[in-house]
Amino acid sequence: MSEAGGISRMGAVAGGDVEAPELGIGLLGTAFMCNAHTNAFLSIPHNMYPPVAFPRLVALSGRNEANLNAAADRYGYQHRYTRWQDMLENDAVQVFDNGGPNNVHAEPCIAAAEAGRHVFCEKPLARTAEEAKGMLDAAVKAGVKHMVAYNYRFVPAIIQARKLIQSGALGRIYHFRAAYLQDWIVDPEFPMTWRFSKEVAGSGSLGDLASHILDIGRFLVGEPNRVMGMKKTFIDERPDGQGGRATVDVDDAVTALLEFENGALGTIEATRFAIGNRNGNKWEVNGENGSIRFNLERLNELDVYWNDGRQETLGFTNVLISEGHHPYWEHWWPPGHIIGWEHTFIHEFHHFFDCIVNDRDVAPWGATFVDGYRNNVITDAIEESASTGRQVDIRYED
């Protein structure tokens, strides 16, 4: 390897004769996303066959040394660092994967880009649009590949829906409605975490959940040009883990109205207080020729209705997205043998590595830092509208 951002020597699948470049991975974070991302790295060479690259688990970084050592041992990372700055000094790290809390997205990603590393960052890209714009500018200036982990773009059924919409099959789009519903913090005694702190998270359900469905709205329908929002915090204090109480200063729930540039109207709702909904990410698109709807908890399926007289007495038709001609299914199982949530990470990293190795554009299928920045602009506008009670226009900086 001649430089930090270059591609290292060739690797090979054990027992196979296929060869592909190795990409050295440096991952920040040792918790939930560490598990999801590392599972993808370990799966890619065997399932996305032949692989475009072999992810090499070079380095893992985390502040808690005990958690860091446990995760590095569990997954097989070669080096471990309690400071991400030290990890970026390891020239074997070619791809910087930021899976840390939102307050450690900007500085490490900017430093990684400036050091010539390709940068992958968990969502939301930043706590604010201003912070996200700095990350975007740094990545563009450095000329590295950059991607935000809006992994639901890589659900085969959602890719299929985008292809149907872009083909014109639905005709003019009238509505996009979406809800992301969870219930994991309904208990008032659920302890304080970083996700309830504005300083760390930037926002609550808005950045955690609504950002996902806003990205899907942009992915399927296009850009919104104005929004109106409302937000609510239901539990404003939680146990701090030390016998006291800590203040919750982010939203527990948010709703918003959107108008898209193409004239479509949108509604979104995100909450962590919808009892009975574990991970209810649901959306529907209505067009002049038909409708499509999706539920993440049934991620191998689309419900489709065509306005041509065939379904007037039948209603929506449930379509199982598992045929060999459906997106990404050439890598998986026979028809009807479904895949799961973890496969979205395999697909998105496969896409990112392909863009690095073969110098392809991450967009439009992957979310770049442009998409991450624009998402932050929209969430900032929803927060402003919720605070002022006024409609807010969406404006992006060049």
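Selection within segment 231-264: residues that are among the polar types (S, T, N, Q) and farther than 17 Å from residue 283 by Cβ. The member of this set that is surrounded by the fewest Cβ atoms within 10 Å (Cβ to Cβ) is 242. Contact map, segment 380-394: residues that are touching a residue at least 24 places away in the same chain (Cβ under 8 Å) paired with residues that are among the acidic types (Asp, Glu) and surrounded by 13 or more Cβ atoms within 10 Å (Cβ to Cβ), Cβ distance under 6 Å, separation 6+ or inter-chain. Pairs shown: 392/384. Within segment 123-159, the set of residues being among the polar types (S, T, N, Q) and surrounded by fewer than 21 Cβ atoms within 10 Å (Cβ to Cβ) comprises just one member, 128. You will find that of 176, 196, the residue that is touching a residue at least 12 places away in the same chain (Cβ under 8 Å), surrounded by 22 or more Cβ atoms within 10 Å (Cβ to Cβ) and under 22 Å from residue 276 (Cα atoms) is 196 and no other.
With a requirement of 2 or more residues that are closer than 23 Å to residue 374 by Cα, the helices (runs of 4 or more DSSP H) lying completely within segment 50-137 that satisfy it span 106-114. For segment 359-398, residues that are assigned to a loop (DSSP other than H, G, I, E, B) and of a type in the set (Asp, Glu) total 4. Is it the case that some residue within segment 269-286 is without any contact (Cβ under 8 Å) to a residue 60 or more places away in the chain and not in a strand (DSSP E or B)? No, because not a single residue in segment 269-286 is without any contact (Cβ under 8 Å) to a residue 60 or more places away in the chain and not in a strand (DSSP E or B). Going through segment 265-286 one residue at a time, which ones are under 22 Å from residue 153 (Cβ atoms) and buried (at least 21 other Cβ atoms within 10 Å of the Cβ)? Result: 266, 268, 270, 281, 283, 285. The residue pairs whose first member lies in segment 309-332 and is within 18 Å of residue 46 (Cα to Cα), whose second member is part of a loop (DSSP other than H, G, I, E, B) and β-branched (Val, Ile, Thr), and whose beta carbons are closer than 7 Å, counting only pairs six or more residues apart or on different chains, are 332/339.
The numbers here are math on the coordinates, done by the rules we state, and not lab data. Please read these numbers as outputs of a predicted model, since none were measured by experiment. Every residue, glycine among them, receives a Cβ derived from its backbone with ideal geometry; neighbour counts consider all protein chains shown.
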